[in-house]
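S.K.: Dropping the structure in here first, questions after.
The values are calculated or read from the model by the stated rules, or taken from the named source; none is laboratory data. These numbers come from a predicted model, not from an experiment. Neighbour counts run over all protein chains shown; Cβ positions are idealised from the backbone, glycine included. Remember, those area values only see protein heavy atoms, side chains included, never the ligands or the DNA or RNA. Shrake-Rupley method; radii C 1.70, N 1.55, O 1.52, S 1.80 Å.
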Amino acid sequence: MSDYRIETQCVQGGYTPGNGEPRQIPIIQSTTFKYATSEDMGKLFDLEASGYFYTRLQNPTNDAVAAKIAALEGGSAAMLTSSGQAANFYAIFNIANCGDHVVASSTIYGGTYNLFHVTMRKMGIEFTFVEPDCTEEELEAAFRPNTKAVFGETIANPALTVLDIEKFAKAAHAHGVPLVIDNTFATPVNCRPMEWGCDIVTHSTTKYMDGHGAAVGGAIVDSGKFDWFAHADKFPGLTTPDDSYHGITYAEKFGLGGAFITKCTAQLMRDFGSIQSPQNAFYLNLGLESLHVRMPRHCENGLAVARYLKGHPKISFVTYPGLEGDKYYDIAQKYMPNGTCGVVSFGFKGGRSAAETFMKHLKLAAIETHVADARTCCLHPASATHRQMNDEELAAAGITPDLVRLSCGLENKEDLIEDIAQALEEAD
Ligand SMILES: *Cc1c(COP(=O)(O)O)cnc(C)c1O
(Lines give C-alpha, C1' and ligand atoms only; values in the text may rest on other atoms or scores of the structure.)
Protein backbone atom coordinates (compact mmCIF):
# COMPACT_ATOMS: atom_id res chain seq x y z
CA MET A 1 0.00 0.00 0.00
CA SER A 2 2.79 2.40 0.87
CA ASP A 3 3.52 3.43 -2.73
CA TYR A 4 0.05 4.82 -3.34
CA ARG A 5 -0.82 8.50 -3.31
CA ILE A 6 -2.60 10.17 -0.42
CA GLU A 7 -6.10 9.95 -1.94
CA THR A 8 -5.74 6.19 -2.29
CA GLN A 9 -4.34 5.91 1.24
CA CYS A 10 -7.37 7.81 2.58
CA VAL A 11 -9.69 5.25 1.02
CA GLN A 12 -7.78 1.98 1.34
CA GLY A 13 -4.75 2.54 3.61
CA GLY A 14 -4.24 0.54 6.79
CA TYR A 15 -6.39 -2.47 6.00
CA THR A 16 -6.15 -5.05 3.22
CA PRO A 17 -8.60 -7.91 3.73
CA GLY A 18 -7.73 -11.45 2.70
CA ASN A 19 -9.93 -13.81 0.74
CA GLY A 20 -13.46 -13.88 2.18
CA GLU A 21 -12.69 -11.33 4.90
CA PRO A 22 -14.84 -8.25 5.61
CA ARG A 23 -14.39 -5.46 3.05
CA GLN A 24 -14.85 -2.77 5.70
CA ILE A 25 -12.56 -2.64 8.75
CA PRO A 26 -14.30 -4.88 11.31
CA ILE A 27 -15.15 -3.39 14.70
CA ILE A 28 -13.46 -5.76 17.11
CA GLN A 29 -15.72 -5.02 20.06
CA SER A 30 -13.84 -7.21 22.50
CA THR A 31 -11.93 -6.22 25.59
CA THR A 32 -9.80 -9.33 25.51
CA PHE A 33 -8.27 -12.01 23.29
CA LYS A 34 -7.95 -15.76 23.76
CA TYR A 35 -4.74 -17.86 23.96
CA ALA A 36 -4.08 -21.59 24.14
CA THR A 37 -1.26 -21.46 26.66
CA SER A 38 0.06 -19.08 29.30
CA GLU A 39 3.43 -19.20 27.55
CA ASP A 40 1.85 -17.79 24.37
CA MET A 41 0.42 -14.91 26.36
CA GLY A 42 3.65 -14.41 28.30
CA LYS A 43 5.48 -13.69 25.04
CA LEU A 44 3.06 -10.86 24.35
CA PHE A 45 3.55 -9.40 27.82
CA ASP A 46 7.31 -9.48 27.30
CA LEU A 47 6.87 -7.75 23.91
CA GLU A 48 8.61 -10.82 22.44
CA ALA A 49 5.70 -11.51 20.10
CA SER A 50 3.22 -9.03 18.64
CA GLY A 51 -0.49 -9.64 19.11
CA TYR A 52 -3.48 -8.58 21.15
CA PHE A 53 -4.33 -9.38 24.71
CA TYR A 54 -6.26 -6.47 26.17
CA THR A 55 -7.92 -3.56 24.35
CA ARG A 56 -6.59 -0.93 26.80
CA LEU A 57 -3.21 -1.49 25.11
CA GLN A 58 -4.07 -2.42 21.56
CA ASN A 59 -7.04 -3.43 19.44
CA PRO A 60 -7.05 -4.59 15.79
CA THR A 61 -9.64 -1.98 14.68
CA ASN A 62 -7.61 0.82 16.22
CA ASP A 63 -4.37 -0.51 14.77
CA ALA A 64 -5.78 -0.60 11.23
CA VAL A 65 -6.97 3.01 11.50
CA ALA A 66 -3.68 4.10 13.10
CA ALA A 67 -1.79 2.44 10.23
CA LYS A 68 -3.86 4.49 7.78
CA ILE A 69 -3.02 7.72 9.61
CA ALA A 70 0.68 6.75 9.66
CA ALA A 71 0.52 6.27 5.88
CA LEU A 72 -1.26 9.61 5.40
CA GLU A 73 1.42 11.48 7.36
CA GLY A 74 4.29 9.50 5.85
CA GLY A 75 5.27 8.16 9.29
CA SER A 76 6.73 4.86 10.45
CA ALA A 77 4.15 4.07 13.17
CA ALA A 78 1.05 5.55 14.80
CA MET A 79 -1.38 5.02 17.65
CA LEU A 80 -4.89 6.23 18.42
CA THR A 81 -5.85 7.92 21.68
CA SER A 82 -9.21 8.74 23.22
CA SER A 83 -8.90 12.46 22.39
CA GLY A 84 -6.58 15.11 21.00
CA GLN A 85 -5.78 16.15 24.56
CA ALA A 86 -4.53 12.63 25.34
CA ALA A 87 -2.47 12.60 22.11
CA ASN A 88 -0.63 15.82 22.98
CA PHE A 89 -0.12 14.77 26.60
CA TYR A 90 1.31 11.38 25.62
CA ALA A 91 3.48 12.75 22.81
CA ILE A 92 5.24 15.12 25.22
CA PHE A 93 5.21 12.93 28.33
CA ASN A 94 6.76 10.07 26.35
CA ILE A 95 10.00 12.08 26.17
CA ALA A 96 9.81 14.76 28.89
CA ASN A 97 9.75 13.86 32.57
CA CYS A 98 9.72 15.71 35.89
CA GLY A 99 12.58 18.21 35.78
CA ASP A 100 12.52 18.56 32.00
CA HIS A 101 11.63 21.51 29.80
CA VAL A 102 9.80 22.02 26.49
CA VAL A 103 9.68 24.97 24.06
CA ALA A 104 6.19 25.60 22.65
CA SER A 105 4.55 28.08 20.34
CA SER A 106 2.44 30.60 22.28
CA THR A 107 -0.57 30.51 19.93
CA ILE A 108 -1.49 26.85 20.44
CA TYR A 109 -5.02 25.61 21.18
CA GLY A 110 -6.29 26.78 24.60
CA GLY A 111 -6.79 23.23 25.88
CA THR A 112 -3.20 22.33 25.01
CA TYR A 113 -1.91 25.57 26.55
CA ASN A 114 -3.70 24.73 29.80
CA LEU A 115 -2.43 21.13 29.70
CA PHE A 116 1.15 22.39 29.35
CA HIS A 117 1.06 25.55 31.42
CA VAL A 118 -1.00 24.28 34.36
CA THR A 119 -1.34 20.51 34.52
CA MET A 120 2.04 19.33 33.20
CA ARG A 121 3.75 22.07 35.18
CA LYS A 122 2.28 20.40 38.29
CA MET A 123 4.03 17.24 37.10
CA GLY A 124 7.35 19.11 37.13
CA ILE A 125 7.68 19.81 33.39
CA GLU A 126 8.32 23.44 32.46
CA PHE A 127 7.29 25.14 29.24
CA THR A 128 8.67 28.25 27.59
CA PHE A 129 6.23 29.80 25.13
CA VAL A 130 7.59 31.64 22.10
CA GLU A 131 5.74 33.65 19.45
CA PRO A 132 5.45 31.57 16.28
CA ASP A 133 6.91 34.54 14.34
CA CYS A 134 9.89 34.90 16.68
CA THR A 135 13.35 35.38 15.20
CA GLU A 136 15.83 32.51 15.14
CA GLU A 137 17.69 34.27 17.97
CA GLU A 138 14.56 34.50 20.13
CA LEU A 139 13.82 30.85 19.48
CA GLU A 140 17.40 29.93 20.32
CA ALA A 141 17.18 31.81 23.62
CA ALA A 142 14.21 29.69 24.75
CA PHE A 143 16.26 26.47 24.94
CA ARG A 144 17.75 25.12 28.16
CA PRO A 145 20.11 22.20 28.79
CA ASN A 146 17.08 20.13 29.95
CA THR A 147 14.89 20.95 26.91
CA LYS A 148 13.44 17.70 25.49
CA ALA A 149 11.09 18.80 22.70
CA VAL A 150 9.69 21.68 20.65
CA PHE A 151 5.93 21.92 20.05
CA GLY A 152 3.69 23.91 17.69
CA GLU A 153 0.55 23.72 15.54
CA THR A 154 0.69 23.81 11.72
CA ILE A 155 -2.30 26.21 11.74
CA ALA A 156 -3.12 27.32 15.27
CA ASN A 157 -6.64 26.96 16.66
CA PRO A 158 -8.15 29.58 16.89
CA ALA A 159 -5.35 32.13 16.26
CA LEU A 160 -4.85 30.87 12.65
CA THR A 161 -1.12 31.60 12.78
CA VAL A 162 0.97 29.36 10.52
CA LEU A 163 4.10 27.71 11.91
CA ASP A 164 7.37 28.08 10.03
CA ILE A 165 8.04 24.35 10.30
CA GLU A 166 11.57 24.49 8.86
CA LYS A 167 12.62 27.24 11.30
CA PHE A 168 11.32 25.28 14.30
CA ALA A 169 12.77 21.96 13.03
CA LYS A 170 16.19 23.52 12.52
CA ALA A 171 16.26 24.93 16.05
CA ALA A 172 15.00 21.68 17.60
CA HIS A 173 17.57 19.57 15.75
CA ALA A 174 20.42 21.96 16.56
CA HIS A 175 19.61 21.18 20.22
CA GLY A 176 19.23 17.43 19.65
CA VAL A 177 15.49 17.29 20.36
CA PRO A 178 12.46 16.38 18.22
CA LEU A 179 9.88 18.77 16.80
CA VAL A 180 6.31 17.75 17.64
CA ILE A 181 3.53 19.31 15.56
CA ASP A 182 -0.23 19.21 16.09
CA ASN A 183 -1.47 18.96 12.49
CA THR A 184 -5.20 18.95 13.32
CA PHE A 185 -6.29 21.96 11.25
CA ALA A 186 -4.20 21.36 8.13
CA THR A 187 -4.59 17.55 8.04
CA PRO A 188 -2.08 15.52 5.98
CA VAL A 189 -4.15 16.34 2.89
CA ASN A 190 -2.96 19.96 3.04
CA CYS A 191 0.35 19.62 4.88
CA ARG A 192 2.65 16.76 5.82
CA PRO A 193 4.91 18.32 8.48
CA MET A 194 7.36 15.39 8.36
CA GLU A 195 8.33 16.40 4.82
CA TRP A 196 9.61 19.67 6.34
CA GLY A 197 11.62 18.16 9.19
CA CYS A 198 8.98 17.53 11.86
CA ASP A 199 9.63 14.34 13.86
CA ILE A 200 6.31 13.57 15.57
CA VAL A 201 2.79 14.59 14.50
CA THR A 202 -0.31 14.68 16.71
CA HIS A 203 -3.99 15.06 15.85
CA SER A 204 -7.30 15.79 17.41
CA THR A 205 -9.09 13.39 15.06
CA THR A 206 -12.31 14.88 16.48
CA LYS A 207 -11.93 17.65 13.90
CA TYR A 208 -11.50 17.24 10.11
CA MET A 209 -10.35 13.61 10.22
CA ASP A 210 -13.66 12.45 11.71
CA GLY A 211 -15.25 15.48 10.11
CA HIS A 212 -18.85 14.66 11.00
CA GLY A 213 -19.02 15.64 14.66
CA ALA A 214 -19.42 11.97 15.55
CA ALA A 215 -16.45 10.81 17.62
CA VAL A 216 -13.87 12.43 19.91
CA GLY A 217 -10.40 10.99 19.28
CA GLY A 218 -6.70 11.62 18.83
CA ALA A 219 -3.64 10.18 17.12
CA ILE A 220 0.15 10.26 17.43
CA VAL A 221 2.41 9.53 14.45
CA ASP A 222 6.17 9.01 14.58
CA SER A 223 8.37 9.75 11.57
CA GLY A 224 10.89 7.14 12.68
CA LYS A 225 13.63 9.56 11.68
CA PHE A 226 14.68 11.03 15.01
CA ASP A 227 17.89 9.35 16.17
CA TRP A 228 17.36 8.78 19.91
CA PHE A 229 20.79 7.16 20.24
CA ALA A 230 22.55 10.23 18.82
CA HIS A 231 21.23 12.09 21.89
CA ALA A 232 21.04 9.12 24.23
CA ASP A 233 21.72 11.13 27.39
CA LYS A 234 18.61 13.27 26.77
CA PHE A 235 16.26 10.35 26.19
CA PRO A 236 17.07 7.60 28.69
CA GLY A 237 13.48 6.34 28.45
CA LEU A 238 14.15 5.21 24.89
CA THR A 239 17.83 4.36 25.06
CA THR A 240 18.23 2.55 28.40
CA PRO A 241 16.47 -0.59 29.73
CA ASP A 242 12.85 -0.25 30.91
CA ASP A 243 12.53 -2.09 34.22
CA SER A 244 8.76 -2.19 33.87
CA TYR A 245 9.26 -4.25 30.70
CA HIS A 246 11.93 -6.74 31.67
CA GLY A 247 14.81 -4.54 30.73
CA ILE A 248 13.80 -3.83 27.12
CA THR A 249 15.59 -0.88 25.49
CA TYR A 250 12.96 0.48 23.10
CA ALA A 251 15.23 2.14 20.53
CA GLU A 252 17.34 -1.02 20.33
CA LYS A 253 14.58 -3.60 20.16
CA PHE A 254 12.11 -1.74 17.95
CA GLY A 255 14.49 0.45 15.94
CA LEU A 256 14.02 4.13 15.24
CA GLY A 257 10.79 3.39 13.34
CA GLY A 258 9.03 1.62 16.20
CA ALA A 259 10.59 2.82 19.46
CA PHE A 260 8.54 5.94 20.18
CA ILE A 261 5.09 4.46 19.55
CA THR A 262 5.91 1.13 21.24
CA LYS A 263 7.10 2.93 24.38
CA CYS A 264 4.08 5.23 24.31
CA THR A 265 1.74 2.22 24.07
CA ALA A 266 3.58 -0.07 26.48
CA GLN A 267 4.04 2.55 29.20
CA LEU A 268 1.61 5.44 28.83
CA MET A 269 -1.40 3.65 27.38
CA ARG A 270 -0.87 0.83 29.86
CA ASP A 271 -0.72 3.23 32.82
CA PHE A 272 -3.10 6.05 31.81
CA GLY A 273 -5.46 4.06 29.60
CA SER A 274 -6.74 6.78 27.25
CA ILE A 275 -7.57 4.30 24.51
CA GLN A 276 -9.95 5.16 21.69
CA SER A 277 -12.95 2.84 21.61
CA PRO A 278 -12.94 0.54 18.54
CA GLN A 279 -16.40 1.83 17.66
CA ASN A 280 -15.05 5.40 17.52
CA ALA A 281 -12.05 4.22 15.48
CA PHE A 282 -14.54 2.81 12.98
CA TYR A 283 -16.34 6.17 12.72
CA LEU A 284 -12.97 7.90 12.39
CA ASN A 285 -12.10 5.63 9.49
CA LEU A 286 -15.34 6.51 7.70
CA GLY A 287 -14.27 10.14 7.98
CA LEU A 288 -10.77 9.39 6.72
CA GLU A 289 -12.17 7.67 3.63
CA SER A 290 -13.39 11.05 2.33
CA LEU A 291 -10.84 13.41 3.95
CA HIS A 292 -9.14 14.16 0.61
CA VAL A 293 -12.52 14.98 -0.97
CA ARG A 294 -13.77 17.11 1.92
CA MET A 295 -10.69 19.23 2.65
CA PRO A 296 -10.65 21.06 -0.70
CA ARG A 297 -14.33 21.96 -0.21
CA HIS A 298 -13.76 23.22 3.35
CA CYS A 299 -10.94 25.39 1.95
CA GLU A 300 -12.99 26.62 -1.01
CA ASN A 301 -15.82 27.66 1.32
CA GLY A 302 -13.42 29.22 3.83
CA LEU A 303 -11.73 31.29 1.14
CA ALA A 304 -15.03 32.42 -0.40
CA VAL A 305 -16.36 33.50 3.01
CA ALA A 306 -13.07 35.23 3.92
CA ARG A 307 -13.09 37.18 0.64
CA TYR A 308 -16.72 38.20 1.14
CA LEU A 309 -16.12 39.37 4.71
CA LYS A 310 -12.94 41.23 3.76
CA GLY A 311 -14.92 43.55 1.51
CA HIS A 312 -17.83 44.11 3.91
CA PRO A 313 -18.24 47.60 5.42
CA LYS A 314 -19.26 46.29 8.88
CA ILE A 315 -16.20 44.05 9.26
CA SER A 316 -13.06 45.43 10.90
CA PHE A 317 -10.65 42.55 10.21
CA VAL A 318 -10.52 39.07 8.66
CA THR A 319 -7.93 36.44 9.57
CA TYR A 320 -7.57 33.54 7.15
CA PRO A 321 -4.15 32.24 6.12
CA GLY A 322 -5.42 31.34 2.65
CA LEU A 323 -6.55 34.93 1.95
CA GLU A 324 -4.33 37.17 -0.19
CA GLY A 325 -2.87 39.87 2.04
CA ASP A 326 -3.17 37.83 5.27
CA LYS A 327 -0.12 38.06 7.52
CA TYR A 328 0.47 34.32 7.04
CA TYR A 329 -0.45 34.10 3.36
CA ASP A 330 3.10 33.64 2.02
CA ILE A 331 4.11 31.06 4.59
CA ALA A 332 0.80 29.24 4.08
CA GLN A 333 1.50 29.16 0.32
CA LYS A 334 4.85 27.54 1.06
CA TYR A 335 3.60 24.81 3.40
CA MET A 336 0.00 24.47 2.15
CA PRO A 337 -0.16 25.41 -1.53
CA ASN A 338 -3.43 23.50 -2.03
CA GLY A 339 -5.36 25.17 0.79
CA THR A 340 -5.27 25.72 4.54
CA CYS A 341 -8.52 24.93 6.39
CA GLY A 342 -12.14 26.04 6.61
CA VAL A 343 -11.83 28.20 9.72
CA VAL A 344 -12.05 31.98 9.37
CA SER A 345 -12.01 34.54 12.17
CA PHE A 346 -13.15 38.15 11.90
CA GLY A 347 -14.16 41.19 13.91
CA PHE A 348 -16.86 43.87 13.81
CA LYS A 349 -16.58 47.64 13.56
CA GLY A 350 -19.58 47.66 15.94
CA GLY A 351 -17.58 45.75 18.58
CA ARG A 352 -18.78 43.04 20.94
CA SER A 353 -22.50 43.79 20.67
CA ALA A 354 -22.40 43.67 16.86
CA ALA A 355 -20.69 40.26 17.09
CA GLU A 356 -23.37 39.00 19.48
CA THR A 357 -26.25 40.30 17.32
CA PHE A 358 -24.67 38.79 14.22
CA MET A 359 -24.43 35.37 15.86
CA LYS A 360 -28.07 35.51 16.98
CA HIS A 361 -29.26 36.01 13.42
CA LEU A 362 -27.30 33.22 11.71
CA LYS A 363 -29.58 30.47 10.44
CA LEU A 364 -27.30 27.91 8.76
CA ALA A 365 -24.24 28.39 10.94
CA ALA A 366 -24.94 26.96 14.38
CA ILE A 367 -23.38 28.21 17.60
CA GLU A 368 -21.14 25.41 18.86
CA THR A 369 -17.92 24.80 20.77
CA HIS A 370 -16.60 22.86 17.80
CA VAL A 371 -14.76 23.35 14.53
CA ALA A 372 -13.90 21.39 11.42
CA ASP A 373 -17.28 19.75 11.01
CA ALA A 374 -19.28 19.05 7.84
CA ARG A 375 -21.86 21.55 9.17
CA THR A 376 -20.85 25.20 9.43
CA CYS A 377 -20.56 26.33 13.03
CA CYS A 378 -19.42 29.43 14.81
CA LEU A 379 -18.31 30.68 18.18
CA HIS A 380 -17.96 34.02 19.92
CA PRO A 381 -15.04 33.21 22.25
CA ALA A 382 -15.57 36.31 24.44
CA SER A 383 -19.01 35.07 25.50
CA ALA A 384 -18.26 31.31 25.43
CA THR A 385 -14.86 29.60 25.76
CA HIS A 386 -13.16 32.74 27.11
CA ARG A 387 -16.09 34.31 28.99
CA GLN A 388 -14.30 34.38 32.36
CA MET A 389 -11.76 36.85 30.91
CA ASN A 390 -12.10 40.63 30.94
CA ASP A 391 -11.19 42.68 27.86
CA GLU A 392 -7.52 43.10 28.92
CA GLU A 393 -7.11 39.38 29.50
CA LEU A 394 -8.77 38.67 26.16
CA ALA A 395 -6.30 40.99 24.44
CA ALA A 396 -3.38 39.16 26.06
CA ALA A 397 -4.78 35.89 24.70
CA GLY A 398 -4.94 37.45 21.23
CA ILE A 399 -8.73 37.51 21.21
CA THR A 400 -10.64 40.75 20.78
CA PRO A 401 -14.18 41.04 22.29
CA ASP A 402 -15.64 41.36 18.78
CA LEU A 403 -13.92 38.26 17.34
CA VAL A 404 -16.08 35.54 15.81
CA ARG A 405 -14.64 32.19 14.70
CA LEU A 406 -16.53 30.63 11.81
CA SER A 407 -15.80 27.06 10.75
CA CYS A 408 -17.00 26.65 7.18
CA GLY A 409 -18.58 23.28 6.53
CA LEU A 410 -19.37 21.50 3.29
CA GLU A 411 -22.57 23.34 2.36
CA ASN A 412 -23.00 25.41 -0.79
CA LYS A 413 -20.83 28.51 -0.42
CA GLU A 414 -23.48 30.88 -1.83
CA ASP A 415 -25.90 29.68 0.86
CA LEU A 416 -23.26 30.31 3.53
CA ILE A 417 -22.52 33.79 2.21
CA GLU A 418 -26.25 34.63 2.00
CA ASP A 419 -26.70 33.50 5.61
CA ILE A 420 -23.76 35.67 6.70
CA ALA A 421 -25.06 38.60 4.63
CA GLN A 422 -28.53 38.57 6.21
CA ALA A 423 -27.06 38.28 9.74
CA LEU A 424 -24.71 41.18 8.97
CA GLU A 425 -27.72 43.31 7.98
CA GLU A 426 -28.88 43.04 11.61
CA ALA A 427 -25.48 43.57 13.23
CA ASP A 428 -24.84 47.13 14.38
C1 LIG B 1 -9.60 20.37 19.51
C2 LIG B 1 -8.13 20.41 19.48
C3 LIG B 1 -7.36 19.69 20.41
C4 LIG B 1 -8.00 18.87 21.51
O5 LIG B 1 -8.62 17.77 20.94
P6 LIG B 1 -9.83 16.96 21.62
O7 LIG B 1 -10.07 15.87 20.64
O8 LIG B 1 -10.96 17.91 21.80
O9 LIG B 1 -9.32 16.46 22.95
C10 LIG B 1 -5.99 19.75 20.30
N11 LIG B 1 -5.39 20.48 19.35
C12 LIG B 1 -6.10 21.19 18.45
C13 LIG B 1 -5.38 21.99 17.40
C14 LIG B 1 -7.48 21.18 18.46
O15 LIG B 1 -8.18 21.89 17.57
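S.K.: Along its principal axes, what span do the Cα atoms of region 1-67 show, with the longest given first and each in whole Å?
M.R.: Result, largest extent first: 42, 23, 22 Å.
S.K.: For region 349-361, what does the Karplus curve 6.51 cos²θ - 1.76 cosθ + 1.60, with θ = phi - 60°, yield as ³J(HN,Hα) per residue in whole Hz, taken in order and with x for Gly and Pro?
M.R.: Each residue of region 349-361 in turn: 4, x, x, 4, 5, 5, 4, 5, 5, 4, 4, 4, 8 Hz.
S.K.: Sticking with this structure for a sec: Mind ordering 308-316, 185-193 by average Cβ neighbours within 10 Å, highest first?
M.R.: Top to bottom by mean Cβ count within 10 Å: 185-193, 308-316.
S.K.: A further question follows. For a protection proxy built on the mean count of beta-carbon atoms within 10 angstrom, sort 227-234, 212-219, 33-40 highest first, please.
M.R.: Result, highest mean Cβ count within 10 Å first: 212-219, 227-234, 33-40.
S.K.: For Ser383 and Lys43, what does the FRET efficiency come to when R0 = 41 Å and r is the distance between their Cβ atoms, rounded to the nearest 0.05?
M.R.: 0.15
S.K.: Normalised radius of gyration for region 293-426, please: alpha carbon Rg relative to 2.2 N^0.38 Å, two decimal places.
M.R.: Dividing the Cα Rg of region 293-426 by 2.2 N^0.38 Å gives 1.00.
S.K.: Further, regarding this structure: Leaving ligands, DNA and RNA out of it, work out the accessible area of Glu393 with a 1.4 Å probe and give it in Å² to the nearest 10.
M.R.: Using a 1.4 Å probe on the heavy atoms, I get roughly 90 Å².
S.K.: Before anything else, pin down the relative contact order of the chain: Cα pairs under 8 Å, at least 6 apart, normalised by residue count, whole percent.
M.R.: 15 percent
S.K.: Report the Cα-based extents of region 187-341 along its three principal axes, largest first, to the nearest Å.
M.R.: 67, 37, 25
S.K.: What accessible area, in Å² to the nearest ten, does a 1.4 Å probe give for Cys98?
M.R.: Accessible area, nearest 10 Å²: 100 Å².
S.K.: Right, next: Using a 1.4 angstrom probe on the protein heavy atoms only, could you order Asp271, Asp63, Asp243 from most to least accessible area?
M.R.: Sorted descending by solvent-accessible area, the residues read Asp243, Asp271, Asp63.
S.K.: Have a look at Ile25, Gly124, Ala169 and report the one farthest towards the positive end of the charge dipole of the chain, computed about the Cα centre with Cβ charges (Lys/Arg +1, Asp/Glu -1).
M.R.: Ile25
S.K.: A further question follows. Please give the FRET efficiency for Ser290 paired with Lys363, using the beta carbon to beta carbon distance and R0 = 25 Å, rounded to the nearest 0.05.
M.R.: 0.45
S.K.: Sorting check: for 275-281, 83-89, which peptide has the highest mean count of neighbouring beta carbons within 10 Å, and how do the rest follow?
M.R.: 83-89, 275-281
S.K.: In cubic angstrom, how much convex hull volume per residue do the alpha carbon atoms of region 1-122 span?
M.R.: Cα-based convex hull of region 1-122, divided per residue, equals 178 Å³.
S.K.: Can you give the accessible area per residue of region 293-426, in Å², using a 1.4 Å probe?
M.R.: About 44 Å² of surface per residue is accessible.
S.K.: Once region 333-379 is represented by equal point scatterers at the alpha-carbon sites, with solvent omitted, what log10 I(q)/I(0) does the Debye formula produce at q = 0.17 Å⁻¹?
M.R.: -0.62
S.K.: Still on this structure: Over the Cα atoms of the chain, compute the convex hull volume and normalise it per residue, giving Å³.
M.R.: Convex hull of Cα atoms, per residue: 141 Å³.
S.K.: Report the paramagnetic label zone for Glu425: residues of region 349-374 whose backbone N is under 13 Å from a point 7 Å from Cα along the Cα-to-Cβ axis.
M.R.: Those under the cut-off are 361-363.
S.K.: Along the charge dipole of the chain, pointing to its positive end and built from +1/-1 on Cβ of Lys, Arg, Asp and Glu, which listed residue (Met336, Ala215, Ser76) has its Cα farthest out?
M.R.: About the Cα centre, the residue reaching furthest to the positive side is Ala215.
S.K.: Okay, moving on. What 222 nm value per residue comes from the helices of the chain, counting each DSSP H run with n ≥ 4 as -39,500 (n - 2.57) and dividing by all residues, nearest 500 deg cm²/dmol?
M.R.: Computed mean residue ellipticity for the chain: -10000 deg cm²/dmol.
S.K.: Quick check on region 99-156: take the gyration tensor over C-alpha atoms, sort the square-rooted eigenvalues as a ≥ b ≥ c, and tell me if it's rounded (a/c under 1.5), prolate or oblate.
M.R.: Verdict is oblate for region 99-156.
S.K.: Same structure again: Net charge within 14 Å of Val11 by Cβ-Cβ distance, Lys/Arg positive one each and Asp/Glu negative one each, not counting Val11 itself?
M.R.: Around Val11, the charge tally is +2.
S.K.: Could you please report the charge total around Lys363, scoring K, R as +1 and D, E as -1 over all other residues with beta-carbon less than 12 angstrom from its beta-carbon?
M.R.: Value of the local net charge: -4.
S.K.: In addition: Give me the extension gain from Ala214 to Ala304: residue separation times 0.36 nm, minus the current Cα-Cα distance, reported in nm with one decimal.
M.R.: So the chain would gain 29.8 nm between Ala214 and Ala304.
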